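Worksheet for the structure shown next.
What follows draws every value from the coordinates through simple rules; no lab data is involved. Source: prediction; values computed, not measured. Cβ placement follows ideal geometry from the backbone for every residue including glycine, while neighbour counts extend to all protein chains displayed.
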Amino acid sequence: MDALLRVTGLRKAYGPVEVLKGIDLSVRPGEKIALIGPSGSGKSTCLRCLNFLEKPSAGQIFLDEEEIGVRNGRPMSDRELAPQRSEMGMVFQLFNLWPHLTVTENVAIAARKVRGLPAKEARELALEMLAKVHMTHRADASPAELSGGQQQRVAIARALSQKPKLMLFDEPTSALDPELVHEVLKVIEELAAEGRTMLIVTHEIAFARDVADRVLFLDGGVIVEEGPARNVISHPREPRTQSFLKQIRH
Ligand SMILES: Nc1ncnc2c1ncn2[C@@H]1O[C@H](COP(=O)(O)OP(=O)(O)O)[C@@H](O)[C@H]1O
Ligand SMILES: [Mg+2]
């Protein structure tokens, strides 16, 4: 089947420092990819380049065969980029909900702004997405009344309300207290089971092994190893992957 996301020769430099040194990646519809690697290896930069939150220094990104960030050979403006960005739902380590809005409003505002839905439909969609992340019972709460795990689930609902073709998660559980990690991973696992296409940066190795189809190990801005999740996690070939996995397990 054709790739939903296709990345070729992606490079990103900050001044003289090259952070991504040529990433090639193809993601099929419905595929779940875990991106693992040491701190500073370029995982976040890679995700942020996919939707042009960071402008790549070189390379091309195609979503459904449409090139991201470029039209007729020219770079797109932020305004032109907005609809392309909305096709990738992004979930960050820090959830950044609006403190003055309720849970439902936080989700509905994305549907209104990004998809241009009228208020009533946006609210209905928000409630539907909140049900998916098991947050219906807190629909009228304000973010400050929620645990970190609940806030992150609302942030996931917010990303889902864009009806993205692809979900991008950047260490969605890293900022959470350990006892709250599970509820967020469970929601992501349920979304995976629905057949959504997703790219997940995570240090939750057991989760990557069990939920991802494929694992990519990024180190120093290059993909050092990739393969079926169980192979890479349980039987890494490359010494760098082996030592990273050893460190993270202890
Ligand atoms: N805006 C920036 N300006 C300069 N250097 C940056 C910037 N963002 C990230 N970097 C550098 O790029 C490298 C990779 O960062 P990052 O993608 O955040 O790694 P990871 O997510 O794997 O921890 C790091 O050395 C970081 O310091
Ligand atoms: Mg990061």
Over the range 7-19, the set of residues farther than 14 Å from N51 by Cβ and in a strand (DSSP E or B) is T8, G9, R11, A13, Y14, V17, E18, V19
Any chance the range 45-64 includes a residue that's part of a strand (DSSP E or B), farther than 30 Å from R230 by Cα, away from ligand 2 (no atom under 16 Å from the Cβ) and out of contact with any Cys (no Cβ under 9 Å at 6 or more places or on another chain)? yes
Which number in (1) assigned to a loop (DSSP other than H, G, I, E, B); (2) away from ligand 1 (no atom under 13 Å from the Cβ) marks the one condition that G22 misses? (1)
Counting only helices (runs of 4 or more DSSP H) wholly inside the range 144-250, the ones holding at least 1 residues that are within 16 Å of ligand 2 (Cβ to nearest atom) and more than 13 Å from the chain's Cα centre (by Cα) are 205-211, 239-249
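What are the residues in the range 15-41 that are touching a residue at least 60 places away in the same chain (Cβ under 8 Å) and within 16 Å of ligand 2 (Cβ to nearest atom), if any?
Residues satisfying the conditions are V19, L20, I23, I33, A34, L35, I36, G37, P38, S41.
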When every residue in the range 25-46 that is within 20 Å of E87 (Cα to Cα) and among the small types (G, A, S) is compared, the one nearest to ligand 1 (Cβ to nearest atom) is S44
